Amino acid sequence: MQGLLDKLQQSGLGSQVSSWLGDGKNLPITADQLKAALGNEQVQQIAAHFGLPMDKILATVAEQLPAIVDKLSPNGT
């Protein structure tokens with residue numbers, strides 16, 4: 001998870017990641033932002049692993065990631 005968050009931060013999505021780790025409202029991330037941060041090859045690998053189309057994987061991860069990180073990071077850790 002930390003590796004994913006690091007990639008997102010390095011891709012200019014630090015404010016989103018910080019919002020997920022903090023106590024306030026979780027900022028959204030789009031499927032396009034996620035794809036740009038991870039790269040096409042990594043997204044293809046994830047999609048193949050789950051046997052789902054890339055657009056479905058991206059949409060689902062973009063929708064769920066803020067809440068997942070929020071739940072996994074009590075008190076910002």
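Computed from the coordinates by the stated procedures, all read-outs in this text should not be read as laboratory data. Computed from a prediction, not measured in an experiment: that's the story for all the values here. When we count neighbours, we look across all protein chains shown, and the Cβ atoms used for this are built from the backbone with ideal geometry, even at glycine.
The length gained on full extension between residue 46 and residue 32, counted as 0.36 nm times the residue separation minus their Cα-Cα distance, comes to 3.5 nm. The charge dipole of the chain, taken about its Cα centre with unit charges on the Cβ atoms of Lys, Arg (+1), Asp and Glu (-1) only, comes to about 40 debye. Helical content alone sets the calculated 222 nm signal of the chain at -20500 deg cm²/dmol, taking -39,500 (n - 2.57) per DSSP H segment of four or more residues and averaging over every residue. The stretch between residue 59 and residue 9, if pulled fully straight at 0.36 nm per residue, gains 16.1 nm over its current Cα-Cα span. Derived scalar couplings between HN and Hα for region 10-25 equal 5, 8, x, 10, x, 5, 5, 4, 4, 5, 6, 7, x, 8, x, 5 Hz in order, rounded to whole Hz, by the Karplus curve 6.51 cos²θ - 1.76 cosθ + 1.60 (θ = phi - 60°), x for Gly and Pro. The C-alpha atoms of the chain define a longest principal axis, and helix 54-72 lies at about 20 degrees to it.
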